[in-house]
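J.: One structure coming up, written as structure tokens, with questions to follow.
FYI, it's all coordinate maths here, none of it is from the lab. Small disclaimer: the values here were computed from a predicted structure and weren't measured. All Cβ positions, glycine included, derive from the backbone under ideal geometry; neighbour counts span all protein chains shown.
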Amino acid sequence: MKHYKIAVLAGDGIGPEITQEAIKVLKVIEERNAVTFELMPAAFGACAYFEFGDAFPQSTIDICDKADAILKGPIGLSHEASKNIPIDKQPERGALLPLRRRYNTYANFRPVFLPKALGHFSPLKAEIIGEGIDLMIVRELVGGLYFGSKESGINEQGLRYVKETLEYDELQIRRIMHQAFKLAMKRRKLLHNIHKSNVLKSSVLWNEVMEEVAKEYPGVKVVNYLVDAAATALCLNPTQFDVMVMENMFGDILSDQGGGILGSLGLMPSACLGDDKAYYEPSHGSAPDIAGKNIANPYSMIGSVAMMLENSFGMDREAKNIWAAMQGVFADGYSTADLSKPGSGVTMISTQEFGDKVVEKLKKMPKVDLHD
Ligand code: IPM
Ligand code: MN
């Protein structure tokens with residue numbers, strides 16, 4: 001019997017409601033396999049700030065340190081409500097970036113996946129979606145502008161100014177490239193390298209290191225794309241892509257566009273992997289406007305559980321079963337109000353009902369005794 005400790009950071013806004021559904025799925029996985037999960041809930045985000053004066057309090061750090069993996073819900077407040085928290089203590093700067101830094105989770109995998117049958121979720125035309133969208137954005141997660149030094153003040157002309165630095169060293173680039181090439185080897189052996197080397201020196205180094213690493217993976221075809229052109233291509237011809245690798249900020253922006261071509265960020269789970277620790281989170285925010293209404297789809301949170309099973313616990317089959325169960329619920333004609341408009345021909349169900357239907361389907365899937 002395997003035993004894993006999971007830190008559960010439900011977060012803000014819709015976080016708690018979608019986390020509850022993810023926990024239901026973890027319970028079913030326990031029932032079906034020789035595995036137990038010790039769930040360790042901890043406060044993280046704006047809720048933690050209001051309770052402890054710190055969005056990533058020491059008590060939560062201790063729990064995450066002990067955990068084999070971390071399941072994290074979305075965090076953050078509305079633009080207006082954020083003003084009640086000092087800038088450096090706001091959940092993004094005060095909790096999420098420190099979490100990434102602490103566990104050095106440099107490799108962020110963001111699947112952009114929509115089978116043909118669910119093409120109606122997408123704003124793209126059927127002929128663009130073709131046989132379906134299935135690509136993976138590999139985003140460097142602990143370098144670049146988001147982690148560079150910052151200063152601001154009054155300059156010599158008496159004007160307010162700000163300076164933020166974008167820094168990468170070759171080691172940071174090399175390790176994310178290896179992750180991307182390894183993934184490409186497992187998939188279509190096609191890697192799109194996204195950069196902006198016509199302007200940024202950081203991209204020149206990025207590309208140099210990419211070419212060095214590429215020599216170790218001669219079976220992988222590399223296609224270089226400027227990030228701005230890639231944004232257009234993601235709309236016009238997304239099926240040309242399989243694995244896309246890029247630095248932190250490019251990945252932040254293009255992965256949200258990935259959610260856009262699927263029809264919703266609610267369909268975007270993710271895995272954030274370091275060498276010693278990994279955490280899993282939806283790519284989207286806490287959607288305060290729909291929080292507490294039982295209408296948020298838990299797909300991104302349950303998908304994050306699937307990514308955890310695959311990447312942290314080696315339970316690939318069960319991960320696939322979870323994906324299939326979720327796709328199955330959609331294919332049966334159900335959806336939640338956040339994803340579908342009334343009159344779109346689908347039967348509208350609540351957050352909880354979606355979770356229940358996923359569980360129902362999962363229970364019917366062939367049993368797999370992974371750790372025997
Ligand atoms: C994401 C989010 C974060 C980021 C924010 C909340 C700091 O947008 O995970 O994409 O920019 O990385
Ligand atoms: Mn983002």
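J.: Using amide H atoms built 1.01 Å from N in the peptide plane, name the residues 5+ places from V243, or on other chains, whose amide H lies under 5 Å from its own.
T.: The list, which skips near neighbours in sequence, is M136, L190, H192.
J.: On to the next question. Once you've got the Cα coordinates, tell me which of K2/K116; K72/K221; K72/K182; K221/K367 are over 29 Å apart.
T.: Among K2/K116; K72/K221; K72/K182; K221/K367, the Cα-Cα distance tops 29 Å for K2/K116; K72/K221; K221/K367.
J.: What are the lysines whose alpha-carbon lies under 23 Å from the alpha-carbon of K201, with same-chain residues fewer than 8 places away excluded?
T.: Partners within reach: K150, K163, K215.
J.: Same structure again: Cross-link candidates for K196: which aspartates and glutamates have Cα within less than 17 Å, leaving aside residues fewer than 8 places away along the same chain?
T.: Within the straight-line limit of under 17 Å, K196 reaches these aspartates and glutamates: E140, E167, D169, E170, E208, E211, D228, E247, D252.
J.: So what is the calculated 222 nm ellipticity per residue for the chain, using -39500 (n - 2.57) for each DSSP H run with n of 4 or more, over all residues, to the nearest 500 deg cm²/dmol?
T.: -12500 deg cm²/dmol, from helical runs alone.
J.: Grab the Cα-Cα distance for N294 and K27, subtract it from 0.36 nm times how many residues apart they are, and report the gain in nm with one decimal.
T.: In short, 94.1 nm is gained.
J.: Work out which GluC sites (Glu not before Pro) in the chain are exposed loop sites (DSSP not H, G, I, E or B, at most 11 other Cβ within 10 Å) and give the longest gap free of them.
T.: 217-372
J.: Separation of the stretch 285-324 and the stretch 177-193 by C-alpha centroid, Å?
T.: Spelled out, the Cα-based centre of one part sits 24 Å from the other.
J.: In addition: Which aspartates and glutamates, if any, have their Cα less than 14 Å from the Cα of K363, not counting same-chain residues under 8 positions apart?
T.: E30, E31, E318
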